[in-house]
Amino acid sequence: MEITKETKVYDILREYGDIAEVMETFGIRRVGNYSLRRTITKFISVERAARIHGVPLEQMLANLKAATER
């Protein structure tokens with residue numbers, strides 16, 4: 001799966017599972033529990049998540065790609 005600024009965070013969670021612990025190592029705080037994250041992220045793009053967490057978009061994309069590498 002290619003992760004872009006338009007990718008919904010929900011799609012990342014569906015493809016890779018809960019990556020909250022990994023994202024916390026990059027300074028992005030956890031939002032609720034996994035069920036809540038899956039619900040609210042259906043409508044949030046990577047670009048919007050970056051703005052919400054105060055992270056530059058390019059850094060967010062790099063963090064997500066690093067967190068989801070297999």
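Computed FRET efficiency, Cβ-Cβ of Asp18 and Glu58, R0 22 Å: what is it to the nearest 0.05?
Details: r = 24 Å, r/R0 = 1.08.
Calculated transfer efficiency: 0.40.
Just rank Met1, Met60, fewest to most, by other beta-carbon atoms within 10 angstrom.
In increasing order of surrounding Cβ atoms, one gets Met1, Met60.
Just tell me which lysines come within less than 17 Å, Cα to Cα, of Lys42; anything on the same chain fewer than 8 places away is out.
Straight-distance partners of Lys42: Lys5, Lys8.
The numbers here are math on the coordinates, done by the rules we state, and not lab data. Since the model is a prediction, treat every value here as computed from it, not as a measurement. Heads up, the Cβs are rebuilt from the backbone with ideal geometry, glycines too, and the neighbour counts pull from every protein chain shown.
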